[in-house]
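Heads up, the thing below is written out as structure tokens.
The values are calculated or read from the model by the stated rules, or taken from the named source; none is laboratory data. Bear in mind that the values here come from a model prediction, so they are computed numbers and not experimental data. Positions of Cβ are backbone-derived with ideal geometry, glycine not excepted, and every protein chain shown enters the neighbour counts.
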Amino acid sequence: MHVLVIDDERAVRDILVDACRRAGYSTDEARNCQEAASKLVRGDVDIALCDIKMPDGSGVDLVRSIRDSRIETSFIMVTAFASTESAVEALRAGASDYVTKPVNGDELIHRISQVAAMRGLREQNQVLRQISRPQTKTFEFNSPAMRSLERLVTKVAPTESTVLITGESGTGKGVLARSIHEQSQRADALFLPVNCSAIPENLLESEFFGHTKGAFTGADKARKGLFLQADRGTLFLDEVGELPMHMQTKLLHAIEDKEIRAIGSEQPRRVDCRIIAATNRDLGRMVAEGTFREDLYFRLSMFHILIPPLRERRGDLLPLIRFLIARETQRSGPLRDLALAPEAERLLCQYEWPGNVRQLENVINRACILADDDCINTSDLPPEVTMAHALGQSTGTSIANQGYLRDQMREIEVALIRRMLEETGGDRRLAAQRLGIGLSSLYRKLEETTDLS
């Protein structure tokens, strides 16, 4: 907690500041209302210990002006002129508590801790109103690779280690990150996912570390950054490989020092959040190319988990298909027993799934909507699945001939991307969404394919 001591008497300020620092709080001080207002308006003060009578005004009026500015600082009023009237006036103005001089140090710290606890409860209630944790449906993996991965998760989850999750787009990196959080000692705190590639570069520092009121044009209100929002919880940095170099440097310092500084603030803030990062890019290669900091890479990859693509764990495919069908039918309303026709099952199991689990989810969702007579048939499957099978039949390619088939699948992929870009009028974000792949994956595929660039 950051505490501002406001009093015109130097001796009183020294006593209060010393008591707060011995209790572990970061502190600042102000000699009058004007100086206090210039510091409070930045929005980074958690609790203010404020004298009621000062040479240039009233502490009660200061509370009112700060409340009118929608700055969420909690006030504890301090005065030598104890009276019922002044106490009631301060509380009505928005103060949280009221103490009299001479102040007992232990009593003051007790009052501060009570106000801090109330602030924590208020913030938790705000989080709970915004975020409700979905009930996780269990799925039993069959493939040895995924069972081994589950064992890794059970070992790393209870620790405080940073975790780097890598794998192709759509493999379930976000699901795995949430699973680590829910098995950790921070499970009752916030799991805060952030897509690094979706934040404009000029807003990255403000989003991550926050800003004070008036820190830049348009900052009409102080903002608490992602690190402080996830304090005592888990911050999940998805697509971390998309961060520009200057932000990588700031992120490294925040992780190593466990301290951040909001834009416009002179006061550093301690933070305690666990970092889980994910990317579908090869960070090792990016380090060699000079586009990703080596020290940040080593910091993030203290524990590295690689999720294999769906095509390399076919033992999970059919159980996963049946699991997704059951989940979709439950979501759609009245209980519906939806079967899977043998030919449709065969096509789904033979497909390569370049978009991995995310693409499979989209295909199953579509099939469940289209299915008639309580059965998913081949006609309910999208063209990319049925076309792949038709191509294999026409060329006489065996599904076991992975190398040649993958080349053919790449041709189909190129055709699908080209058609989707035409249908969306060149809107790449919408095309990626409809294809069931990440936007960064689409850009990479465009770069790799000269026909599409």
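Is it fair to say residue 358 is assigned to a helix (DSSP H, G or I), touching a residue at least 40 places away in the same chain (Cβ under 8 Å) and within 29 Å of the chain's Cα centre (by Cα)?
yes
With the condition kept exactly as written, say whether any residue in region 205-218 is under 18 Å from residue 281 (Cα atoms), in the same structural domain as residue 270 (by TED's automatic domain parsing), surrounded by fewer than 19 Cβ atoms within 10 Å (Cβ to Cβ) and hydroxyl-bearing (Ser, Thr, Tyr).
No, because not a single residue in region 205-218 is under 18 Å from residue 281 (Cα atoms), in the same structural domain as residue 270 (by TED's automatic domain parsing), surrounded by fewer than 19 Cβ atoms within 10 Å (Cβ to Cβ) and hydroxyl-bearing (Ser, Thr, Tyr).
Give the residues of region 46-83 that are closer than 19 Å to residue 27 by Cα and either surrounded by fewer than 23 Cβ atoms within 10 Å (Cβ to Cβ) or assigned by TED's automatic domain parsing to the domain that holds residue 268 (or both), sorted by residue number.
Listed by number, the residues that qualify are 46, 71, 72, 74, 76.
Taking region 1-36 on its own, how many of its residues are closer than 17 Å to residue 266 by Cα, small (Gly, Ala, Ser) and at pLDDT below 90?
1
Please verify whether residue 228 is modelled with pLDDT under 95, of a type outside the set (Phe, Trp, Tyr) and outside the structural domain of residue 39 (by TED's automatic domain parsing), treating the condition exactly as stated.
yes
Could you check, for region 13-25, whether at least one of its residues is at negative phi, among the β-branched types (Val, Ile, Thr) and either out of contact with any Lys or Arg (no Cβ under 6 Å at 6 or more places or on another chain) or in a helix (DSSP H, G or I) (or both)?
Yes, some residue in region 13-25 is at negative phi, among the β-branched types (Val, Ile, Thr) and either out of contact with any Lys or Arg (no Cβ under 6 Å at 6 or more places or on another chain) or in a helix (DSSP H, G or I) (or both).
Need the failing condition index for residue 304 against (1) in contact with a Lys or Arg (Cβ under 8 Å, 6 or more places away or on another chain); (2) under 27 Å from residue 355 (Cβ atoms), just the number.
The number of the failed condition is (1).
Which of the helices (runs of 4 or more DSSP H) contained wholly in region 376-436 include at least 3 residues that are at pLDDT below 65 and in the same structural domain as residue 349 (by TED's automatic domain parsing)?
It comes to 383-395, 402-423.
Test each condition in (1) at pLDDT 90 or above; (2) crowded, with 18+ Cβ neighbours inside 10 Å for residue 349 and report the one that comes out false.
Every condition holds for residue 349 apart from (2).
As an exercise: evaluate residue 34 against (1) of a type outside the set (Lys, Arg); (2) out of contact with any helix residue (DSSP H, G or I) (no Cβ under 9 Å at 6 or more places or on another chain); (3) surrounded by 15 or more Cβ atoms within 10 Å (Cβ to Cβ); (4) part of a helix (DSSP H, G or I) and give the number of the one condition it does not meet.
For residue 34, the failing item is (3).
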